[in-house]
Each structure stands twice: as structure tokens, then as C-alpha cells.
Amino acid sequence: MLLATNNSAEADLWLLNSCTVKNPAEDHFRNSIKKAQEGNKKVVLAGCVPQAQPRQDYLKGLSIIGVQQIDRVVEVVEETIKGHSVRLLGQKKDNGKRLGGARLDLPKIRKNPLIEIISINTGCLNACTYCKTKHARGDLASYPIEELVDRAKQSFQEGVCEIWLTSEDTGAYGRDIGTDLPTLLWKLVEAIPEGAMLRLGMTNPPYILEHLEEMAKILNHPRVYAFLHIPVQSASDSVLMDMKREYCVADFKRVVDFLKEKVPGITIATDIICGFPGETDEDFQETMKLVEQYRFPSLFINQFYPRPGTPAAKMHQVPAAVKKQRTKDLSQLFHSYNPYDHKVGERQRVLVTEESFDSNYYVAHNPFYEQVLVPKDPVLMGKMVEVNIYEAGKHFMKGQPVSDARVYTASITRPLAKGEVSGLTEEFRHAPQNGTNWKGHPSAEIPVKTSFSPWMPLQLPWQQEGSGLKILSVSLALLAVLVMLYYGGMKTEL
């Protein structure tokens, strides 16, 4: 029997996913391993930390699944249960060419049955001096357009009404396989049903500069959110040079100014690192001026953490107190303006897809991917509705549905139940007699009470009676859990 549980004490094996972007994330990962070992739990590790640094002392003797090997999780779990240590860290290749990450057609469990997250490529073309993710993900490897379109179509057939495209750098898509991001996006737009929406992920300035005209046309499409995440990191050219970001501040401004002109109302999100090695007070003031000029509605502020093994870790560091103060100053500036006050009184079209953290509202997004809280009426979930905006906060607006407006059902079919496995063929989905009914057969039972945590304990042992499809159903269920963790825990910079 395989049973996923949020109660770590009940589990016999812990499957721990990881992120290597910041020190606190790795510290949490290390502490989770220690806790598992103190509880005499079997441990299987996944994600970027063990991929990038498999020889770390605290990883010795533990089983590891590499970022390109998650389809072999069943093998690793079985061997770990037997007391063996297994490490699958190799790169997958086809005729000598590096492939992308996990196969797109692997079964998985969506955190939200209405939202599909699709990684369009793995790795990147940059060599940023502060980045540890490159050590784990490697160089750019793009998925073929036809595979991405097929995955999108399958998602819509499973009731999804919103797709997020993600990667370390979406703008670099296709450069390794002779295509580009706009070509992919136009193909995907053709597959999006009425009422459903597509959201783009993070793109660095260098790789979108040459596609600005086409990107503006795509972002104006009614089924694509007018939203783009373009990290600037610093408004100082000297700091950007030390980061090896391969663009200057003028390049960033050109991208933002062009898109604001051609895509009225577009939301531009960005990232800023405070206290990068060598950053002077003058450098930081340039960053403050940039934020004051553009008043980004979404700003990810990060205090610099030196990651071991990166060039930036060997540079002269800014004192911790200075980094902390700069982070505080930038945060105060960001919170000094309210980007949505002028929208009170507007009538907006929104797509409802989630529940708010406090469980008091449903969360919707307007065409600019701005968050709009609506009444918690089950009739609204998964619907495209019109609302009147009556209140605005720093990160959200509140809307009241318009009674006489048309309501679209965004999904073209009934969404999968929460916890139901995506990607199954009809044969598996409707075959309880052969042990492959995912909702009822005990060998594939995955009760999902809440959203999954960064680690997922798995309760064992396996059922020994039966074979064939029963064992296959267990394997696919376990694989689905890891794929969900993989996409939920990878660095996406959305």
C-alpha cells in the first residue's frame, strides 16, 4: 500500500525536495534531513541541492534522484526501503544532445486542478556570478514545441483553465533547437479555449529585446495575461557587470518602456538583489530611483546571500548590517505607494481559480494578472466573470460580481478532483477491476488533505499481494507525487 500523508511521524519514508536559490532554503532542507534521521526514517532526496552538491557531508549515504531522473523514483524508493543507497544524477541525452528535464507526459498531481504549470525549458544561457541553480540545471535545454502544445491540450481536456509557462528563463526558449519564444506562444494561443488564460513566466532582458514587437502582439491577445516578469536585479551597470547579467540598465528600460507603450496596462514584475558584493551607496541609490520611477506593482526584494561555490561568494562582501538596511529601505519605498487605488470603480473581467490564504475569499485575476478577491461563492470557481472593483489594497483589489454580466465556464470539461492523477489514459482512469482506479484502489490511494509541503512523507510498506497493474498503479501514484513536488519546488521565478 502507498499512502501519502502530511503527518511525518506516521511515514516510513520521507521524500524531500529542495531549492538551492538561497541559503535559508538549503538550511531548511538540511534540517528536514536531520529530523528524518533522528526519527529513523528512510530518506530519498530530490531537487537542485543534491544535484548541485552531491558530495556534501550531510548527504552522505542518502539516496538521491537527479533533476532529470524523477521518472525513476519508484526504483530509488524500492531500493532505499531495502536499505540501499541509490544515486541517479546523470544527464539524459539523445544522440549526444542534452535533453530537457522530466518528460512532459509523466503522471502528476496538480496542486490546483484548474492550473497547469508547464516548464518549457530547463537550464539557461547565462553564467550569473551569484547563481547556484546553474550548477544543478546546467545549460539551456528546450522542450519541442509539439510536446508543449500536446501537454497544454491534454491539460485543457482535464479541466484546466489557466496555464503558467515557467523556466529559469522563458525568453531564451528555443535557442538550442532552432526556434524561439514567440513561435511557441503563437502555437499555444491556438490551443487555448475561450475563457481560459495563459501566463508567461520570467524572462531576462537580453533574450526578449529582439522579440519585442512579437511579444507585444502576444501580450495583447485576449487569452494571454498582459503580464511579464523581467528581473533587473540592480540599476547600477557596474553591479550588473559584476553579476555577469549581460545587459545594462538602459536595456531593461527599453524593454519596459516599449511594452508599457504597446501593451496598455501591462503588469511588469521585477526582482532586485540588495547588497551584492561591491555595491556602493551610489549604486543602491540608482536602484531606488528606478523603483521610484516605475513603481512596480510586483517587486521581489532579496537580500544577497553568498552561495558556496559561486564566484560572488569569493568577492568582497557588503557588511551584513548594510545589506539589511538597504533591504529595509527598498521595502519601505515599495510599500509607500498603492498601485491599484485608481482602479476602484472599474468594471473588470476576471478568472476565478483559487481560494485566498485566509479562506475568506476566492482569488481571481484580471487581464493584467492583478489579484482580485471575490466573494466565496462556489458557483464562481473556474469561471470568467465581470466584477465591479470597490476596494484596493497594496497587493489586491476586491470585486463584486455584476449580476447582469455573462459568466463563462472557462474549463471545457469537468476538472480533475483534487488529488486525482493527471496524465492517465482512459484505460487506467476507468479500470477499477484491474487495480488502476486512482480514487478507490488501496494500492494507489493518495488522500490529499491540504496543499503539499516541500517534503512529502510516504507511508509504506507496499502491498505484496497482486502484481502487474496493481504494482504499476503504485508506481505511477508515487511518480505523480514527485512530479508535483518537482514543479512545485523548482525555481520558476514567476
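The values are calculated or read from the model by the stated rules, or taken from the named source; none is laboratory data. Worth saying up front: this structure is predicted, and the values here are computed from it rather than measured. Here the Cβ is made from the backbone with ideal geometry for all residues, glycine too, and neighbour counts use every protein chain on show. Areas reflect the complete protein model, heavy atoms only, side chains present, ligands, DNA and RNA absent. Shrake-Rupley method; radii C 1.70, N 1.55, O 1.52, S 1.80 Å.
Would you confirm, using the coordinates I've provided, whether ALA250 is assigned to a helix (DSSP H, G or I), closer than 27 Å to LYS289 by Cα and open to solvent by 40 Å² or more (accessible area, probe 1.4 Å)? Against the criterion (assigned to a helix (DSSP H, G or I), closer than 27 Å to LYS289 by Cα and open to solvent by 40 Å² or more (accessible area, probe 1.4 Å)), ALA250 qualifies. Out of the residues in region 24-48 that are out of contact with any Leu (no Cβ under 6 Å at 6 or more places or on another chain) and of a type in the set (A, V, I, L, M, F, W, C), which is nearest to VAL76 (Cα to Cα)? Restricting to residues being out of contact with any Leu (no Cβ under 6 Å at 6 or more places or on another chain) and of a type in the set (A, V, I, L, M, F, W, C), the top hit is ALA46. Exactly one residue out of GLN285, GLN293 is under 30 Å from TYR225 (Cβ atoms), open to solvent by 20 Å² or more (accessible area, probe 1.4 Å) and free of Cβ contacts under 8 Å to residues at least 12 places away in the same chain: that is GLN293. Screening region 18-49 for residues that are over 21 Å from LYS82 (Cα atoms) and open to solvent by less than 30 Å² (accessible area, probe 1.4 Å) and picking the one that is farthest from the chain's Cα centre (by Cα) gives SER32. Contact map, region 160-175: first residue closer than 12 Å to THR122 by Cα and of a type in the set (Phe, Trp, Tyr), second residue open to solvent by less than 10 Å² (accessible area, probe 1.4 Å) and assigned to a loop (DSSP other than H, G, I, E, B), Cβ cut-off under 8 Å, separation 6 or more or different chains; pairs are TYR173/ILE120; TYR173/SER167.
Kindly indicate whether ALA312 is in contact (Cβ under 8 Å) with a residue 60 or more places away in the chain, in the same structural domain as ALA235 (by the TED database) and in a helix (DSSP H, G or I). Yes, satisfied. Residues satisfying the criterion are absent from region 304-319 (criterion: open to solvent by 20 Å² or more (accessible area, probe 1.4 Å), out of contact with any Pro (no Cβ under 8 Å at 6 or more places or on another chain) and β-branched (Val, Ile, Thr)).
In region 156-202, of all residues being buried (at least 24 other Cβ atoms within 10 Å of the Cβ) and hydroxyl-bearing (Ser, Thr, Tyr), the one that is nearest to THR133 (Cα to Cα) corresponds to SER167. Among the residues in region 123-135, are any open to solvent by 30 Å² or more (accessible area, probe 1.4 Å), at pLDDT below 85 and in the same structural domain as GLN317 (by the TED database)? Taking every residue of region 123-135 in turn, at least one turns out to be open to solvent by 30 Å² or more (accessible area, probe 1.4 Å), at pLDDT below 85 and in the same structural domain as GLN317 (by the TED database). Restricting ARG223, ARG245, ARG175 to residues that are of a type in the set (Lys, Arg) and closer than 28 Å to GLY419 by Cα narrows the list to ARG223. In this structure, PRO54 does satisfy being surrounded by fewer than 19 Cβ atoms within 10 Å (Cβ to Cβ), at pLDDT below 85, not polar (S, T, N, Q) and not in a helix (DSSP H, G or I).
If you go through region 379-419 and pick out every residue that is basic (Lys, Arg) and either in contact with a Pro (Cβ under 8 Å, 6 or more places away or on another chain) or more than 16 Å from GLU354 (Cβ to Cβ) (or both), you end up with 4. With respect to the conditions (1) under 22 Å from the mean Cα position of the chain (by Cα); (2) open to solvent by less than 30 Å² (accessible area, probe 1.4 Å); (3) under 25 Å from ARG349 (Cα atoms); (4) not hydrophobic (A, V, I, L, M, F, W, C), PRO205 lacks only one, and its number is (3). Summed over region 376-426, the residues that are open to solvent by 40 Å² or more (accessible area, probe 1.4 Å), farther than 30 Å from LEU106 by Cα and assigned to a loop (DSSP other than H, G, I, E, B) give a count of 8. As a summary of the residue check, ASP329 satisfies the conditions (1) loosely packed, with under 13 Cβ neighbours inside 10 Å; (2) in a helix (DSSP H, G or I); (3) of a type outside the set (S, T, N, Q) except for the one numbered (1). Look at region 328-355: where a residue is not assigned by the TED database to the domain that holds ILE273 and of a type in the set (Asp, Glu) and a partner is assigned to a loop (DSSP other than H, G, I, E, B) and open to solvent by less than 30 Å² (accessible area, probe 1.4 Å), sitting 6+ places away or on another chain with Cβ atoms under 8 Å, you get GLU354/LEU114. Scanning region 214-247 for residues that are part of a helix (DSSP H, G or I) and more than 25 Å from PRO311 (Cα to Cα) returns GLU214, MET215, ALA216, LYS217, ILE218, LEU219. Look at region 201-212: where a residue is on the phi < 0 side of the Ramachandran plot and a partner is crowded, with 24+ Cβ neighbours inside 10 Å and small (Gly, Ala, Ser), sitting 6+ places away or on another chain with Cβ atoms under 7 Å, you get GLY201/SER167; THR203/GLY171; ASN204/GLY171; TYR207/GLY171; TYR207/ALA172; ILE208/GLY171.
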